[in-house]
Amino acid sequence: MFTFTGLANLAADPRGGIAVREIAEWLEKLGMSEYAKCFAENRIDFSVLPELTDQHLKDLGLPLGDRLKMLRAIRELSSPVSPPPPQPEQRSQDTAERRQVTVMFSDLVGSTALSTRMDPEDLREVISAYQKCVAETVQRFGGFVAKYMGDGVLVYFGYPQAHENDAERAVRAGLEMTMAVTNLKTHAALQTRVGIATGLVVVGDLIGSGASQEQAIVGETPNLAARLQGIAEPNSVVIAESTRKLVGNLFELEDLVAKTLKGVEGPVRAWAAQRPSSVESRFEALHASGVTELVGREEELELLLRRWSKAKSGQGQVVLLSGEPGIGKSRLTAALLEQVAAEPHTRLRNFCSPQHTDSSLYPTIGQIERAAGFRQDDTSEAKLDKLDRLLAQSSTSPHDAALLVEMLSLPSDGRYPVLELTPQQRRQKTLEALVVQVAALARQNPVLMIFEDAHWADPTSLELFGRIVDKIPSLCALLIVTYRPEFDPPWIGRPDVTALTLNRLGEREVVAMIDRVSGNKALPESIRQNINDEGGIGSCCRGRRRAIHRCHSAIRNRCSSKPARFVNGAARPARPRQGDGTDRGGDWAGVLAYTFDSGRA
Ligand SMILES: Nc1ncnc2c1ncn2[C@@H]1O[C@H](COP(=O)(O)OP(=O)(O)O)[C@@H](O)[C@H]1O
Ligand SMILES: [Mg+2]
């Protein structure tokens, strides 16, 4: 168990790359500032401090008295941290809680070397630019900077504000950060290393209040994140297995050989996150290890198939599919795609993302990039060639192609006409061009268009889909819009628009689901009853975590030899909190599948 207080620096710097300044401060506190230079020259940092012997200090030229004082101070530093005497108001139940948190450690590479060749003022500027860059990136992704430690930064994702995709946010932030730090214009070229791990921690004001208050966390996770940071190559992001499980295949990962890490039991699997993956969709990426077989939803699927038949006959249709998070909207949509897989048709899948609610036409840009087959390492020219091939299939005019090239932020290489348009005209013409694309495709083959998670749509996408809804009655096309109840689609009530709300599954289906995901392991009746009492899959959203955890633990204890896993914080033994920003209260199928699915565990 790692207590994240006084020993923080030991964990933050397993490579000895930082803490020059902190060592100097520590020496100052001991009244031994005169040795700061000697310690820096000999690259003594907090990670090697506990190993210093009397002989080492003698070799460094310290007199006996100072050696003894220093050895005592080192012993005190390394001894377990004893918490301050409990003070009721400080240790109140309200300030510390168990949470699933993704912890990130970032560290500036080579700061010891920088400190020896740089003027202290310049060094301070460099470190402050670095910290500012890290903080800005982290905040953009919804993370929380908990502490600056020398030139390291400790960050939490999932506390104090929880999001359903904190692990993904952390990895994205890490990748951006390594780039942003490299691009910083300072006195020296900078690089960073990032370590990320996810786990249950106790978090909150554990230490004190007022000026000394720290958002400290206790648990193995921060230690692991720090150690992973220590094995990361410069400019790379290393993630723990626990984080990898939550991000699925959303990133291209390099499997690092299992490592033995100081302070962590057993060999540890670690992964270097390289870039966001170009996997076709968020849904597939997160469910790549096998979608659970569809349970129930026969009527809903039948309705979708009927609308599809109508659409194919030339009476275009829209289905508005709403429901709580985790209730099965994406699963049902995937079931329709499976059913029609053998028929000739064109799929256009548009996925909104919680991180891109202000990014104009983000879902459409992603759809076109995937359809064209863009790869991360393609040159602009290669991308334009691919785009040309895609647009040829819908006989796109050069004028429209020029608009789409701009929409994709590709530099035109002279193969498209130059458009003299005001920004407003450009926007309108781009939306028109996109509707023309759908219409052109629908003339060749029926189009099955999906607009996933419209509650996260940017305003321009909403306008685009409004235009598509207007146009659809005359097309061979079915548009399915999925969204959560908080979104109010403006298209309800039209003759070609069907609203379908997914409700909780019935008892029979819940039982079937339990059987499938638990591999028919015998579940005690009391547990089945417990799950049913809680309302089954999808019913446990918002404020029912305690119940989820109860059932989950019971299932885990009775049926699985595998350790418990938690999905995105959905099931965790935390006290339920009001208004913590978590919008994914629980996801039965996910929790169960995660626990039992051998592909994942
Ligand atoms: N009817 C169902 N049959 C099988 N698995 C389901 C069903 N409904 C949901 N799931 C599973 O539950 C999890 C959450 O469902 P998902 O479709 O992603 O929810 P939503 O899109 O509504 O947020 C997924 O793992 C999904 O495969
Ligand atoms: Mg979904």
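Computed from the coordinates by the stated procedures, all read-outs in this text should not be read as laboratory data. No experiment lies behind these values; they were computed from the predicted model shown. Note: ideal-geometry Cβ built from the backbone for every residue, glycine included; neighbour counts use all protein chains shown.
Quick one: which residues, 5+ away or cross-chain, put their amide H under 5 Å from the amide H of residue 235? H built at 1.01 Å from N.
Placed amide hydrogens put 192, 193 under 5 Å from residue 235.
What FRET efficiency would be calculated for the residue pair residue 189, residue 341, taking the C-beta separation as r and a Förster radius of 51 Å, to the nearest 0.05?
0.50
So for region 284-414, taking the charge dipole from beta-carbon charges (+1 Lys/Arg, -1 Asp/Glu), which of 305, 368, 353 sits furthest toward the positive end?
305
At a 10 Å Cβ-Cβ cut-off, how would you order 21, 43, fewest neighbours first?
So the ranking, lowest neighbour count to highest, is 43, 21.
Any idea how far apart residue 462 and residue 370 come out in nm if each label point goes 7 Å out from Cα toward Cβ?
The two pseudo-label positions are separated by 2.3 nm.
Enumerate the calculated ³J(HN,Hα) couplings along region 152-163 in order (Karplus 6.51 cos²θ - 1.76 cosθ + 1.60, θ = phi - 60°), each rounded to whole Hz, writing x wherever the residue is Gly or Pro.
After applying 6.51 cos²θ - 1.76 cosθ + 1.60, I find x, 10, 9, 10, 10, 10, x, 8, x, 9, 9, 10 Hz.
Which FRET efficiency value, to the nearest 0.05, is calculated for residue 43 and residue 98 with the Förster distance at 35 angstrom and r the Cβ-Cβ distance?
0.35
Provide the gained length on full extension for the span residue 179 to residue 124, in nm with one decimal, where the gain is 0.36 nm per separating residue minus the Cα-Cα distance.
The span from residue 179 to residue 124 would gain 17.7 nm if fully extended.
Quick one: what are the phi-derived ³J(HN,Hα) couplings along region 335-340, Karplus 6.51/-1.76/1.60 with θ = phi - 60°, whole Hz, x for glycine and proline?
For region 335-340, the Karplus-derived couplings read 5, 5, 4, 4, 5, 9 Hz, x marking Gly and Pro.
Taking 0.36 nm per residue of separation and subtracting the Cα-Cα distance, what length does fully extending residue 470 through residue 410 add?
Additional length available on full extension: 18.6 nm.
Which lysines does residue 132 reach when only Cα atoms under 28 Å apart count, and residues fewer than 8 places away in its own chain are ignored?
Those lysines meeting the cut-off are 29, 37, 147, 185.
Given H placed 1.01 Å from N in the peptide plane, which residues other than close sequence neighbours of residue 505 have an amide H under 5 Å from its amide H?
The answer is 537.
Please report, in whole Å, how far the alpha carbons of region 97-285 spread along each principal axis, starting with the longest.
Cα spread of region 97-285 along its principal axes, largest to smallest: 50, 41, 33 Å.
Would you order 163, 187, 356 from fewest to most other beta-carbon atoms within 10 Å of each residue's own beta-carbon?
187, 356, 163
Tell me the net charge near residue 421. Cut-off is 14 Å between Cβ atoms, residue 421 excluded, with +1 for each Lys or Arg and -1 for each Asp or Glu.
Surrounding charge for residue 421 is -1.
Any chance you could run the full-extension gain for residue 140 through residue 260? It's 0.36 nm times the residue separation minus the Cα-Cα distance, nm to one decimal.
So the extension gain works out to 39.9 nm.
Counting Lys and Arg as +1 and Asp and Glu as -1, what is the net charge of the other residues whose Cβ lies under 14 Å from the Cβ of residue 461?
Combined, the nearby Lys, Arg, Asp and Glu give -2.
No solvent, one uniform scatterer per C-alpha: report log10 I(q)/I(0) for region 306-408 via the Debye equation at q = 0.11, 0.21 1/Å, two decimals.
Normalising to I(0) and taking log10 leaves -0.48, -1.26.
Any lysines with Cα under 19 Å of the residue 429 Cα? List them, leaving off those in the same chain fewer than 8 positions away.
The reachable lysines, counting only those whose Cα sits under 19 Å from residue 429, are 471.
Assuming a ≥ b ≥ c are the square roots of the Cα gyration tensor eigenvalues, decide whether region 298-501 counts as rounded (a/c under 1.5), prolate (otherwise, with a/b larger than b/c) or oblate.
prolate
Okay, which of region 292-326 sit inside 20 Å, backbone N to the point 7 Å along the Cα-Cβ direction of residue 508?
293-304
Using mean Cβ contacts within 10 Å as the protection proxy, how do 102-112, 487-497 order, highest first?
Result, highest mean Cβ count within 10 Å first: 102-112, 487-497.
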